[in-house]
């Protein structure tokens, strides 16, 4: 009873503890799922179907591992497009009742593996049985690799479904004989007409005002055309860690000191040692590796491989002589010639005759090895009979796309640049020698056309960089702008620091800031909920420091007013100019209108509907369309064109002769329409879809 009594006494406390735990559990779940301002578990959704964050991030990680050098942001953007497209298309497959079996999936494999000899039949075609046997053997002997293929199978199933879906859509594009005939007439019927033209440019832009409200009203009427995603406009300054003139002079003095002997204290001997200058150094490799930012290289180089501005002077040095100091590609350099060698590089022309089964650049090659050898021998005979024709023989016969356009020529070939049989032939034979050599790529007809001397150089190179004092000054300037930026004019601060304010506009999923480069951190800051217009922040970048001021937040909706002033304002301005011009273009005849407007009557001859170009004016489809609709000798009312206001009078229309049939035109129209199906269907589906994009929260 005593125990029960104690339980009753503490029941309220226990209920409170349990309630608190339940509340903590619920709140934790809300936070994890994106409630109360937390990050969502989903990267986004498409028509209500979520894209799980963990799955998305795994795909991004795998993509960056497979595509070396691709940034995480680029990978995320590409994976996002794939996910959105996949969901949208899968909806269409389901509605269309599209299903695929294993045979169809194997055909997709066949498209990728069709040139692999392991899976080809006697006719050189993809053999599904061979591929199935290969998979069965892999499953038994290498289950891990088999599991990887099975894991990727949904991708191939989706590709098979899309193949069917695209084929269905393409089949729906039908072009009739009447449409083909209309296309023929559009391209070949011709119209000649007189016209009076008053360009919009006759009225200065500053005479026509366009208000912000007019821009907004116009965009609202054409909302689909002028919609925009969220963006941020920013001002920034780049304060680079550039070496000052004093820094460069100090480095020049430093590298110049290597020319003369100098005394250095030796910790081992506890005495001063005299270090010979660069020209007198006995162990050149040791001297370079100790004092240079670029290690010693024993390769003999041709004159063309030396720094362009200094090549002549360096190439003509005698062994042991030193040239410099000189500036090349951001380095101060001293160069010493250590040797000279005749025939260090070779010039040669070649004709590659590939065969099936070799490492052919073109997998479509079907000739046998025996046929390739016979063709190579035949070309060698032709070349030896007329060496001057070798370049033309190469252009018309070689299977090497890299040298076909220049007659099979390779200049300044260095040892081991080419595969061994090729390398041995060109370096072991004199100029003028021709022969046939076999490599893994096929048979080469080779013509040694020249040998070049090379020199071996030792170069002490030191990167020209900013001193610590210069870097400290750059940091001080950047920090000052960051601290004063929210309260003082950004332009004034930049001017005081000796830099120029630059402008940029970024989207939520961008990583490139124009003028700075790949700076995802900056983009992320501008879109942070804690960053307000007018905020300023300093970022360290490889070049130095960037100080950014968030100028404007543009949320999702219509394009920003500043952008509209560039793209929309000219349209509205021309509409207003047209009204002003019309008041001057009075009269019922072209001649009267020309006199009143200060213009003249001109003639456009043989213009087609498909190419509505008026000479000395430009494209005017509305004007040309009106001309085709007028009877001969009739005058049009005023027409607002692309470049100004027109009045036209038709002179003559020439109808193209009828054709027996219009199959050529119908086939072309059908091919053009069907060719754009894959991209157009995805664009259309995206426009209609309800897409929520949260990926900027994850990268």
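Assorted remarks:
- Across segment 507-661, the convex hull enclosing all Cα atoms gives 237 Å³ per residue.
- Here 488, 333 are placed in order of increasing Cβ neighbour count within 10 Å, fewest first, which gives 488, 333.
- Computed E for residue 342/residue 404 - FRET, C-beta separation, R0 41 angstrom, nearest 0.05: 0.85
- When each of 299, 449, 192 is scored by the number of other beta-carbon atoms lying within 10 Å, the sequence from fewest to most is 299, 192, 449.
- Take the Kirkwood radius over Cα pairs of segment 514-575, plug it into Stokes-Einstein at 37 °C and 0.692 mPa s, and you get 234 µm²/s for translational diffusion.
- Relative contact order for segment 102-171, counting Cα pairs under 8 Å that sit 6 or more residues apart, in percent: 27
- Cα-derived Rg over Rh, computed across segment 102-171 with Rh taken as Kirkwood radius: 1.03
- For segment 337-429: relative contact order, % (alpha-carbon pairs under 8 angstrom, 6 or more apart): 37
- Distance in nm between pseudo-label sites at residue 369 and residue 479 (7 Å out along the Cβ direction from Cα): 7.2
- Taking the square roots of 5 times each eigenvalue of the Cα gyration tensor of segment 564-651, largest first, gives ellipsoid semi-axes of 22, 18, 10 Å.
- Each residue, residue 535 and residue 622, gets one label point 7 Å from its Cα in the Cβ direction; the gap between the two is 4.6 nm.
- Range of Cα positions in segment 423-472 per principal axis (Å), largest first: 64, 26, 14
- Our helix-only sum for the chain, with -39,500 (n - 2.57) per DSSP H run of n ≥ 4 divided by its residues, gives a mean residue ellipticity at 222 nm of -13500 deg cm²/dmol.
- Once log10 I(q)/I(0) by the Debye sum over Cα atoms at q = 0.06, 0.07 Å⁻¹ is calculated for the structure shown, the corresponding label among (1) -0.34, -0.46; (2) -0.76, -1.03; (3) -0.47, -0.63 turns out to be (2).
- Approximate spin-label separation residue 103-residue 416, in nm, with each point projected 7 Å along Cα-to-Cβ: 5.4
- Applying 1/(1 + (r/R0)^6) with r as the Cβ-Cβ distance of residue 118 and residue 150 and R0 = 22 angstrom yields a FRET efficiency of 0.70.
- When only alpha carbons are used to place a centre, segment 336-352 and segment 459-473 end up 36 Å from one another.
- Prolate/oblate/rounded label for segment 134-232 (Cα gyration tensor, a/c 1.5): oblate
- Rounded FRET efficiency, nearest 0.05, which uses the C-beta distance separating residue 667 from residue 134 and R0 of 51 Å: 0.80
- For 128, 359, the sequence from fewest to most other C-beta atoms within 10 Å is 359, 128.
- Dividing the mean sequence gap of close Cα pairs (under 8 Å, 6+ apart) by how many residues the chain holds gives a relative contact order of 23 percent.
- Radius of gyration and maximum dimension Dmax of segment 243-465, Cα, Å: 24.0, 75
- Where a label projected 7 Å from the Cα of residue 94 along Cα→Cβ would reach, residues of segment 46-66 with amide N under 14 Å: 46-51
- Looking at segment 641-684, the pairs of alpha carbons with a distance over 11 Å make up 79% of the total.
Taken together, the values in this text are just the output of simple stated rules run on the coordinates, not laboratory data. None of the values given here were measured: they were computed from a predicted structure. Positions of Cβ are backbone-derived with ideal geometry, glycine not excepted, and every protein chain shown enters the neighbour counts.
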